[in-house]
Structure formats: structure tokens, C-alpha cells
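Heads up, the thing below is written out as C-alpha cells.
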Amino acid sequence: MKVYKVISIFISALLFTLPAFAMSKEAEGRFKIIMDMSLEELGHASANLLNVEYPDTDWTSYNFPNYVYGDLATEVAYKVAVKHSSLLGIVNVQDDEVVIPCYCTCDTFGHDNLLYCFYNNGDPERGFDGHGAQCGVCVRQALFAYLWNDLGANHAEIMDGMKEKFAELIEKYHNHGH
């Protein structure tokens with residue numbers, strides 16, 4: 001019995017130290033294609049995926065504010081925030097090993113991560129924040145994260161893609177480690 005327990009602990013420790021599952025070569029190619037999509041293309045691709053993933057969702061039940069409906073990409077980004085909030089961020093967490101920082105300048109007014117752009121203080125219980133509806137960077141990041149996650153990209157791969165895509169903004173506005 002003790003031997004099985006030791007073996008089980010050893011296997012668990014070994015699995016814990018292995019890197020997270022990486023994307024396939026095919027998914028890596030699609031990852032790059034997504035990175036080059038226009039905002040309109042990102043909106044359509046994400047809307048299609050949401051329709052497949054949540055075909056029977058009554059989106060009106062979320063009582064989105066009117067500003068959410070400015071364009072398809074913005075609307076879909078808020079829907080992603082509703083259905084995949086933990087993908088975008090966690091309340092009171094700034095560590096990009098865990099969450100996705102926003103690469104616009106909203107950190108200057110207290111946004112700890114991308115989730116704050118869609119929810120007041122990054123908390124779904126506190127209602128929607130209008131910043132995401134006014135910022136193409138926030139919308140793009142949410143849609144990239146959603147589509148890349150669907151490909152099987154892990155958090156590190158998503159962050160690498162974000163850092164590549166938003167390198168100019170990071171250099172210009174975020175010299176504090178993001």
C-alpha cells in the first residue's frame with residue numbers, strides 16, 4: 001500500500017513539473033492567422049464560436065448596457081467577458097503569469113488586468129464597465145484570448161501572442177514589466 005502511495009506522489013509531482021500542453025503545429029498556424037485579423041474579422045470569428053459554444057444562450061438575460069452594442073466586436077467581447085471572465089483576469093491580480101494585463105493605458109486609472117475593462121473593479125458582481133466599449137485594444141485582447149484559448153493555447157502562449165501583437169504599446173506605455 002505504501003509503495004502505491006509513493007508511486008502516486010512521484011507521478012503527481014512529475015506531472016506537476018511538466019510544461020502545460022502546447023498547441024499543435026496546425027493550431028500554431030491558426031494562432032498566427034488570428035493575430036493578423038482585423039477587428040471586424042475578430043468579431044465575426046468570435047461571434048461564430050460563441051454561437052457554436054452557447055447556441056441556446058439568451059443574451060438579453062445579461063442586461064448589457066446600450067454601449068455594448070456599438071459594433072459586433074465590442075458586443076462579442078462583452079459576451080466573452082460574461083462567459084469566460086477567468087480567461088481575462090481575476091479581481092485584484094496584476095501578475096501576468098496568471099492574468100492578461102490590458103495594454104491600453106487603463107492601468108493608470110486602476111485597472112489591474114483585462115477583466116477590469118469589462119467589469120467595474122474587475123468584479124462581475126459589480127456590473128459592467130464601459131471602458132471596453134470605448135477601447136479597441138481591450139476588445140482586441142479579449143477576442144484574441146478567446147480565439148487562441150479555443151485553439152488550445154495555454155496562458156503562456158496567449159501572453160506571448162499578446163506581447164508580440166502589442167509590443168509597440170507595451171514599449172510606449174508599459175515599461176513596468178508587462
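Grab the chain and count how many Lys pairs have their alpha-carbon atoms under 23 Å apart, sequence gap of 8 or more, or different chains.
Number of lysine pairs found: 6.
Describe numerically, in nm with one decimal, the distance between label points set 7 Å from Cα along Cα→Cβ at VAL93 and at LYS25.
3.4 nm
With runs of 4+ DSSP H residues as the only contributors, calculate the mean residue ellipticity of the chain at 222 nm using -39,500 (n - 2.57) per run, divided by the residue total and rounded to the nearest 500.
Helix-only estimate at 222 nm: -16000 deg cm²/dmol.
Could you pull out the GluC sites (Glu not before Pro) across region 64-165 that fall in loop regions by DSSP (anything but H, G, I, E, B) with no more than 15 other Cβ atoms inside 10 Å?
Those that pass, being in a loop and sparsely packed, are GLU97.
Of the options LEU151, SER46, ILE33, report the single residue whose Cα projects farthest towards the positive end of the charge dipole of the chain (beta-carbon charges: Lys, Arg +1; Asp, Glu -1).
LEU151
Relative to the present Cα-Cα distance, how much length would full extension add between GLU168 and TRP59 at 0.36 nm per residue of separation?
35.7 nm
Quick check: residue separation of ASP36 and ASN120 times 0.36 nm, minus the Cα distance between them. What number comes out in nm?
Fully extending the segment from ASP36 to ASN120 adds 27.2 nm.
Nearest 20 debye, what's the magnitude of the dipole of the chain about its Cα centre given +1 on Lys and Arg Cβ and -1 on Asp and Glu Cβ?
Roughly 560 debye, rounded to the nearest 20.
Among (i) 75; (ii) 34; (iii) 27, which is the computed percent of Cα pairs over 28 Å apart?
(iii)
Taken together, the values in this text are just the output of simple stated rules run on the coordinates, not laboratory data. All values derive from a computational prediction rather than experimental measurement. So basically every Cβ, Gly included, is an ideal-geometry build from the backbone, and we count neighbours across all protein chains shown.
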